[in-house]
Amino acid sequence: MHKYMPHTHDDVRAMLDRIGVEKLEDLFSEIPKTLVHKELDIPNSMSEIELREHFASLAKQNTPLIPFMGAGAYDHYTPSVIRHLIERQEFLTAYTPYQPEIAQGTLQYIFEYQSMICQLTGMDVSNASMYDGATATAEAMFMATGVRRSKKILISATVNPNIQEVVKTYALYRDIEVITVNEEDGQTSLDEVKALMDKDVAGLIVQNPNLYGITEDFTGFKDALDEHKGLFIMNHDPSLLAHLKTPASWGVDIAVGDAQTLGVPLSYGGPYIGYMATTTKLMRKMPGRICGVTKDQDGKRAFVLTLQAREQHIRREKANSNICSNQSLLALFVTIYMALMGKKGVYEAQQMSHDHAHYLHDKLLELPTFEPAFDKPFFKEFTLKTTLDVDKMNDVLKEHGYLGPLPQKRFDEAKADLVTFAVTEKRSKAQMDAFVDIVRGLS
Amino acid sequence: MYYDKLIFEISTEGRKGYSLPKTEIERREVPDHLRRPDCPGLPEVSELDVVRHYTNVSFKNFGIEKGFYPLGSCTMKYNPKINQDMANLPEFAGLHPYQPLDTVQGMLHVYYETQRMLSEISGLDTFTLNPYAGAHGEHIGLMIIKAYHRSRGDEKRTKIIVPDSAHGTNPASATVTGFESVEVKSNADGTVNLEDLKSVLDDTVAGIMLTNPNTVGIFEKDILEIAKLVHQAGGLLYYDGANLNPLLGFARPGDMGFDIMHINLHKTFSTPHGGGGPGSGPVGVTKALVPFLPKPVVKKTSDGYSLDGETDLTIGQVSHFVGNIGVAMKAYAYMLTIGKDNITDIARFSTLNANYIKESLKDDFLLPIEGICKHEFVFDGLKDKSTGVTTLDVAKRLLDFDMHPPTVYFPLVVKESIMVEPPETESKQTIDKFIEVMKAIAKEAKEDPDKVKGAPYNTVVKRLDEALAARKPIVKYKDLLSE
Ligand SMILES: Cc1ncc(COP(=O)(O)O)c(C=O)c1O
């Protein structure tokens, strides 16, 4: 007997009798004897006490550091309320809302989530979530190449290199050519976009803020793309959209990104949540689930998955995407985050990230070992040039419990002297001063 | 009382649900030319407003802890609480993905050991936990198939064979990997038709996607023969292991001749579905295909665990970091709790439950495929077709009895499909109750068909007008306001 399996000896006997077989093994008699496996080399079962001890010993082999790095994973504050609510079994243990009459809870939060994503991005319609920001960007590429019946797409060199990689991996096996638009002083070069765009190119992928933390100016991009009917795809940090111009106002056709920045814990990189939002015009080309409003027989307002003729369970090989399970519970997570923070809170929290990042930026520039890498506006992440040995600096910071800045050489050997810092509302002045003191001690 | 408010509809100007520390740091402004001129229309609510709202919203959902959830192809087993507690430990949840390796050894141990146990259970060499869900696993597995053929200069293999009974993600995954999918017909018992298979096998076939037991719950007895045929034709075998329950401890896809597979940790390995994710869809491969795995790969070395990316043949990166590792932690805790001493019982009891229900209900529901099934099976609607009561009606009527209906209208090869999967965590009492209710519905269908067709009656909303939603899409709060 095991605590997760309730059958008693008598239960099994009675059930086997109903089926008309002698013993449990008879239920497996058609499996060829040559396939039946001996014993598996996995551990014996643990009690809950032993399991806790095991995890406690593993926990000791982890040391969460205080991050001064972002690079796609940001240490924003998570209000306590969220964990308690998303772990309600009604949300946590439900399947995809295929029986809407008993899944109005899931469907309603998806609707609220879609509404909030549209409020932040300014777009017309959002889906119910994607896996992460990188795969959402790759899906946007598929969407654009599908709509434009093209096998080419542009991506800016200033997009986070991991996102670029995922896009290129997805493209490679579908024979899509991904052409890199070079950067100019830390920003996507508009001249290059103009030079590379033609009618055979599906569109352009950019990111804001970009891999250096720079908030790019996209003036002129929409026109350059429109000239060749190219689609504008922007990966944008949603937490900054109370401050920054929306993707919609830049003329974006598909907005994507990772909503991890809306309070989702770091968790070593996942689960996070990709978002995707688009225009009404492209709604039917969007991948993934969409929740809409309808009425029940009595005329009561209700929610339901809609426009499902885009999806794999109906359209099979002709579907817009193969996505089935997404990151639904994380959609609830960020919905509750946005509800708590509300109209003013998202702004205030990120104003703090912004101001604190600028404080650290200025403090570091007071040191002789740092100088500016770009003269461009940034938000909560910024890149400096340093004369310090970057690995040594980060080792020392680690000994003090800090995760130092991202060395850009992780992605490009030629950028050996560039480091990118990230600051959120969680980094206090005292922490930043202590951090700068350690860096000051290095030479 | 039915709670029908949206969070936006309880918003009151000036309320707030957050607190932030005071700061003495000087405020700076975002440059004008980059600044958003207006304010996003998010709600203004207090913390208790939020807590009550989502608590009331949750009451409109049905979860596993409320009642029986025999949703076929979904393996809705109990989601243990201890797993959740372990995944929430701050020493894990607080790790940045780019932390130095010596500060994340415990996390990498979980990753490595999870993949190792999955390899052992499925008879493949190595797993990657980077895929986010089953469909993502399929996409990645098919990339590996393509990369493998390309690495041999074999560019003409453009087709993936998919049985007509396969899950919709299979053909869709073939498309997004740039393959053409070729459908093969099933035999009457849902197994692969060998003659049909032979007729499509040639040197343009890159591989085949199968699940065994197949989608109707029947074990593919000829699997070794199928594997031989496909391999002889130069193709690879992909195993859709979304639902692995009935094989655990009995038979291994690797031993059957499969080269690549994915497993849904959010099914067989008890991690919660979360209303549609996050899942986790680890992909396993034979030794020959290990170099193609997506990066990064977690390796065990004499200096501890490392993250490695640079093999020449890797298909590339498919996730920003290492996938839904927080989900894998729960599956790891589950595997340790089950252990080798109990794992086979999962197969035994889930199979016992399915056969018991099948035998108990086959006088009332049409059983298209006789014989022993594995962990799930399908009925083709009610046995008595004269009543006009459809599978949809039966499913809706079940809602009135506090049970989640089985999967309906999948697989597509069974017209009025009712796909029942009663996991091993369910007791005989629960299952007997389900049988009783199903029999009562069958009886009601004869005596008062309109009653069944009018169901549900006890749910927060009645049957929905799905066509209306698609005809006039209202997909955000703002659309409702302009109604
Ligand atoms: C047989 C089968 N294959 C693939 C999938 C897809 O898995 P996921 O929803 O995790 O993408 C499912 C789940 O719905 C399934 O049942």
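Here, each number is a calculation from the coordinates, and none is a lab measurement. Small disclaimer: the values here were computed from a predicted structure and weren't measured. Quick reminder, even Gly has a Cβ in these numbers, built from the backbone with ideal geometry, and neighbours come from all protein chains shown.
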At q = 0.07, 0.13 1/Å the base-10 log of I(q)/I(0) from the Debye formula over the alpha-carbon atoms of chain B is -0.45, -1.30
Distribution output for the stretch B:93-182: share of Cα-Cα pairs per 5 Å bin in percent, first bin at 0, values 3, 12, 16, 17, 16, 15, 10, 7, 5, 1
Here the averaged projected area of the stretch B:271-316, based on the convex hull of its alpha-carbon atoms and given in nm², is 4.8
Projected onto the charge dipole of the stretch B:106-174 (unit charges on the beta-carbon of Lys, Arg, Asp and Glu, signs +1, +1, -1, -1), the Cα from B:115, B:135, B:172 with the largest positive-side position is that of B:172
Taking 0.36 nm per residue of separation between residue B:451 and residue B:193 and subtracting their Cα-Cα distance, the length gained on full extension comes to 88.8 nm
In whole Hz, the Karplus estimates of ³J(HN,Hα) for the stretch B:88-93 (6.51, -1.76, 1.60; θ = phi - 60°; x where Gly or Pro) are 8, 3, x, 5, 9, 5
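Would the stretch B:7-58 count as rounded, prolate or oblate if I go by the C-alpha gyration tensor, calling it rounded below 1.5 in a/c and otherwise prolate when a/b exceeds b/c, oblate otherwise? Can you show the working numbers first?
Details: a/c = 3.44, a/b = 1.76, b/c = 1.95.
It is oblate, given that a/c is not under 1.5 and a/b is not larger than b/c.
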Taking a straight Cα-to-Cα line shorter than 16 Å from residue A:199, and setting aside same-chain aspartates and glutamates fewer than 8 residues away, one finds A:177, A:223, A:226, A:227
Cα-based Rg then Dmax for chain A, in Å, read 25.4, 84
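Add +1 for every Lys or Arg and -1 for every Asp or Glu among the other residues with Cβ under 13 Å from the Cβ of residue B:67, and state the total.
Details: positive: B:66, B:433; negative: A:90, B:65, B:400, B:402, B:426.
Taking every other residue near residue B:67 into account, the sum is -3.
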Short to long, in 10 Å steps from zero, the percent of alpha-carbon pairs of the protein assembly as shown per bin is 2, 12, 22, 26, 21, 11, 4, 1, 0
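What fraction, in whole percent, of alpha-carbon pairs in the stretch B:303-422 exceed 16 Å separation? Don't jump to the answer; show the numbers that get you there.
On the way: 5243 of 7140 pairs.
Counting pairs separated by more than 16 Å, the tail of P(r) holds 73 percent.
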Net charge (Lys, Arg +1; Asp, Glu -1) of residues whose beta-carbon lies under 15 Å from that of residue B:272, residue B:272 excluded, is +3
Here the FRET efficiency for residue A:365 versus residue B:55, based on Cβ atoms and R0 = 56 Å and rounded to 0.05, is 0.70
Summing -39500 (n - 2.57) over every DSSP H run of at least 4 in chain B, dividing by its residue total and rounding to the nearest 500, the 222 nm mean residue ellipticity is -10500 deg cm²/dmol
Debye calc, one equal point scatterer per Cα of the stretch A:80-337, no solvent, log10 I(q)/I(0) at q = 0.09, 0.11, 0.14 1/Å comes to -0.39, -0.57, -0.91
So, with points 7 Å from each Cα along the Cβ direction, the residue A:219-residue B:13 label distance in nm works out to 3.4
Using the Kirkwood formula on alpha carbons, the hydrodynamic radius of the stretch A:51-175 in angstrom works out to 18.7
Percent of all alpha-carbon pairs of the stretch A:312-426 at distances over 16 Å, whole number, is 72
When B:146, B:433 are arranged by how many other beta-carbons sit within 10 Å of their Cβ, fewest first, they go B:433, B:146
Taking placed amide H atoms and a strict 5 Å upper bound, the residues 5 or more places from residue B:413 or on another chain that come that close are none
For the pair residue A:184 and residue B:308, the simple spin-label estimate (label points 7 Å beyond Cα toward Cβ) gives in nm 4.4
Magnitude of the Cβ-charge dipole (Lys and Arg +1, Asp and Glu -1) of the protein assembly as shown about the Cα centre, nearest 20 debye, reported as 1320
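What translational D, rounded to a whole number of µm²/s, comes out for the stretch B:240-393 from Stokes-Einstein when the hydrodynamic radius is the Kirkwood one over Cα pairs, at 4 °C and 1.567 mPa s?
D = 69 µm²/s.
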Sequence order, the stretch A:403-418: Karplus ³J(HN,Hα) from phi using 6.51 cos²θ - 1.76 cosθ + 1.60, θ = phi - 60°, Hz rounded, Gly and Pro as x, gives 9, x, x, 6, x, 5, 5, 3, 10, 8, 3, 5, 9, 4, 9, 9
Amide H proximity to residue B:286 below 5 Å, modelled H, separation 5+ or other chain, gives B:125
Magnitude of the Cβ-charge dipole (Lys and Arg +1, Asp and Glu -1) of chain A about the Cα centre, nearest 20 debye, reported as 1140
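Rounded to the nearest 5, what % of DSSP beta bridges with both residues in the stretch A:80-337 are antiparallel?
Details: 15 of 31 bridges.
Percentage antiparallel, nearest 5: 50.
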Pseudo-spin-label distance residue B:429 to residue A:191, built 7 Å along Cα→Cβ, given in nm, is 7.8
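Eigenvalues of the Cα gyration tensor times 5, then square-rooted: what semi-axes does that give for the stretch B:82-337, in whole angstrom, largest first?
On the way: eigenvalues 198, 82, 44 Å².
Ellipsoid semi-axes (Å, largest first): 32, 20, 15.
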Along the dipole axis of the stretch A:275-314 (charges at Cβ: +1 for Lys and Arg, -1 for Asp and Glu; origin at the Cα centre), the most positive-end residue among A:314, A:283, A:293 is A:283
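Between residue A:200 and residue B:150, how high is the FRET efficiency from 1/(1 + (r/R0)^6) when r is the Cβ-Cβ distance and R₀ = 22 Å? Nearest 0.05. Could you put the intermediate results ahead of the total?
Values: r = 24 Å, r/R0 = 1.09.
Rounded to the nearest 0.05, the efficiency is 0.35.
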Taking Lys and Arg as +1 and Asp and Glu as -1, residues besides residue B:56 with C-beta under 12 Å from its C-beta add up to +1
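So for the stretch A:165-273: antiparallel DSSP bridges make up what percent, rounded to the nearest 5? Numbers along the way, then the final one.
Numbers: 2 of 11 bridges.
The antiparallel fraction comes to roughly 20 percent.
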All alpha-carbon distances of the stretch A:87-159, grouped into 10 Å bins from 0, give the whole-percent distribution 16, 34, 32, 15, 4
Magnitude of the Cβ-charge dipole (Lys and Arg +1, Asp and Glu -1) of the stretch A:102-184 about the Cα centre, nearest 20 debye, reported as 360
Residue-ordered couplings for the stretch A:176-185, obtained by feeding phi - 60° into the Karplus form 6.51 cos²θ - 1.76 cosθ + 1.60 and rounding to whole Hz (Gly and Pro as x), are 9, 8, 9, 9, 7, 8, 5, 9, 9, 6
Helix-only [θ] at 222 nm, chain A, -39500 (n - 2.57) per DSSP H run of 4+, per residue, nearest 500, equals -11000 deg cm²/dmol
